[in-house]
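In what follows, a single structure is set out as structure tokens and then discussed.
The values are calculated or read from the model by the stated rules, or taken from the named source; none is laboratory data. Predicted model, so just to flag it, every value in this text is computed and none were measured. Cβ placement follows ideal geometry from the backbone for every residue including glycine, while neighbour counts extend to all protein chains displayed. In case anyone asks, the SASA skips ligands and DNA or RNA and just uses the protein heavy atoms, side chains included. Shrake-Rupley method; radii C 1.70, N 1.55, O 1.52, S 1.80 Å.
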Amino acid sequence: MTLFTRRNALKLGLASGLTAALAAQARAQVTIRVEGANFQPLPIAVPDFASSDPTFGREIADIVRNNLRRSGLFLPLEPASLPIQVGDVNATPDFNMWRTVNVDAVVMGAVERGGTISSSVRVWDTRQGAQVVGSSYNTDPSASRRVGHIVSDAIYTSLAGGSGYFDTRVIYTAESGPKANRVRRLAIMDQDGANAQYLTDGSTMALTPRFSPNGDMVVYMNFADGNPQVYLLQLSTGRQQRLANVGAMTFAPRFSPDGGTVVFSVEQGGATNIYAVGTGGGSPMQLTSGAAIDTGPSFSPDGSRIIFESDRGGSPQIYMMGAGGGNANRISFGQGSYSTPVWSPQGDLIAFTRQSGGQFNIGVMNPDGSGERMLYSGFHAEGPTWAPNGRVIMFFQDPGGNDGPRLMSVDIWGRNLLTIPTESYASDPAWSGLRS
């Protein structure tokens with residue numbers, strides 16, 4: 001019996017499924033097109049998954065329904081309104097019946113829990129009467145929620161194109177206690193807020209965590225030595241170490257796309273410049289120089305360029321340079337100040353924070369600075385991070401007063417604004433890649 005990985009889970013077709021050619025044809029017929037002002041989410045039916053434990057079958061189906069609804073691209077019907085309450089993964093649906101309730105796609109699933117969790121799912125285009133997806137997989141019992149997330153990703157990929165983003169995690173700074181004396185520690189959770197765990201104990205302040213590409217390492221800012229210093233944390237072992245011994249303060253770290261380098265800022269002698277160092281140690285290499293404040297570096301997905309924030313022109317703006325440093329060019333030219341730039345996983349957009357006219361804005365622009373669009377405006381919103389498919393951005397927003405920050409997300413079309421549930425106040429989110 002094979003335990004699943006994402007790759008083989010999506011390769012395994014159900015024995016009773018239609019041919020791959022027919023599934024490919026159906027995928028071309030059932031699509032979601034988001035462009036335009038009149039976008040309507042795709043009506044979809046997800047009956048409870050068949051199971052010898054009906055509660056478990058309902059639980060997995062609920063995860064799928066909630067993921068699809070939260071994406072903003074799908075409109076799952078309420079389970080009680082469906083003509084069939086429990087799906088049959090082995091039967092071809094009565095398409096006429098599903099058309100009468102005006103759904104464009106229906107999901108049939110089955111799940112069993114024992115020594116392993118075995119699950120199968122089929123997605124059908126009710127208009128064309130054809131199968132879109134047929135997959136089955138087995139997994140460890142401790143990963144039951146992941147089954148729902150991977151099924152959700154398979155549905156999203158087949159009907160919305162690109163890749164899903166549900167089987168991912170978010171690392172963030174959990175904040176608790178009175179505003180004047182907040183405890184800030186690292187926490188990690190599933191992208192929907194479930195399975196939250198604390199990674200540091202709060203005895204020292206921890207800020208701005210960032211995932212490595214393989215998802216096992218985290219780089220962050222630790223105040224254990226009084227001044228902020230960049231630390232590495234390995235999630236699988238809990239091992240921590242200071243990354244580099246340079247400057248009075250080191251901060252704003254981020255990994256390179258291959259995970260072998262960390263770029264960060266160093267404050268020294270009144271100036272702040274950007275450095276790079278290998279994760280295995282060695283001497284840091286200085287990438288910028290001068291009396292300005294250069295910070296917030298972020299690599300392009302191919303590792304060839306770095307964007308960063310600098311006030312070298314008088315106000316904080318976004319600049320771009322080669323990965324080896326030097327010859328930086330300004331790319332932001334809107335009103336106000338710019339900060340926290342981060343490149344999308346596909347390389348087609350740059351997300352940023354812009355402060356102007358007393359408002360904070362979360363926006364995106366093309367890598368050459370053109371096409372700037374604001375996705376969210378409000379008080380003290382900052383720190384965007386990308387979902388791995390490049391279609392959703394998470395950030396944090398602090399309403400002020402005695403309250404604390406919360407995590408929020410918005411898609412790249414400026415729609416579907418959500419608040420992400422967390423156990424405590426939360427800031428500095430960073431989205432992982434898809435889990436393997």
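For region 304-402, give the percent of accessible area contributed by carbon and sulfur heavy atoms, probe 1.4 Å, rounded to a whole number. Spell out each step's value before the answer.
Numbers: 1640 of 3700 Å².
Carbon and sulfur atoms account for 44 percent of the accessible area of region 304-402.
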Which of the three applies to the chain, rounded, prolate or oblate, going by the alpha-carbon gyration tensor with a ≥ b ≥ c and a/c under 1.5 meaning rounded?
prolate
Three-way shape call for region 280-372 based on the alpha-carbon gyration tensor, with the a/c threshold at 1.5:
oblate
Just the accessible area for Asp201, please: 1.4 Å probe, Å², rounded to the nearest 10?
120
I'd like the distance between the alpha-carbon centres of region 227-285 and region 401-426, rounded to an integer number of Å.
28
Can you compute the label reach from Phe223? Point 7 Å from Cα along the Cβ direction, backbone N cut-off under 20 Å, restricted to region 381-406.
382-383, 396-406
Would you mind classifying region 346-432 by shape? Square roots of the alpha carbon gyration tensor eigenvalues, ordered a ≥ b ≥ c; an a/c under 1.5 is rounded, otherwise it is prolate if a/b is larger than b/c and oblate if not.
oblate
When the chain is treated as a GNM, springs tying every alpha-carbon pair under 10 Å, which of Thr353, Thr157, Thr237 comes out with the largest mean-square fluctuation?
Thr237
Output the 0 to 90 degree angle, nearest 10, between the alpha-carbon long axis of helix 54-71 and the longest principal axis computed from the alpha carbons of the chain.
50
Thr422 - accessible surface, heavy atoms, 1.4 Å probe, Å² rounded to 10:
40
For a quick check, take a GNM of the chain with Cα springs below 10 Å and name the residue from Gly260, Gly347, Gly357 with the largest mean-square fluctuation.
Gly357
When the chain is treated as a GNM, springs tying every alpha-carbon pair under 10 Å, which of Pro47, Pro384, Pro209 comes out with the largest mean-square fluctuation?
Pro47
On Cα atoms only, tilt of 144-160 relative to the major axis of the chain in degrees:
90
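So for each of 302-308, 191-197, 280-286 I average, over its residues, the number of other beta carbons within 10 Å; can you give me the resulting order with the highest mean first?
Working: 302-308: 17.6, 191-197: 15.6, 280-286: 12.1.
Taking the mean over residues of other Cβ atoms within 10 Å, the ranking is 302-308, 191-197, 280-286.
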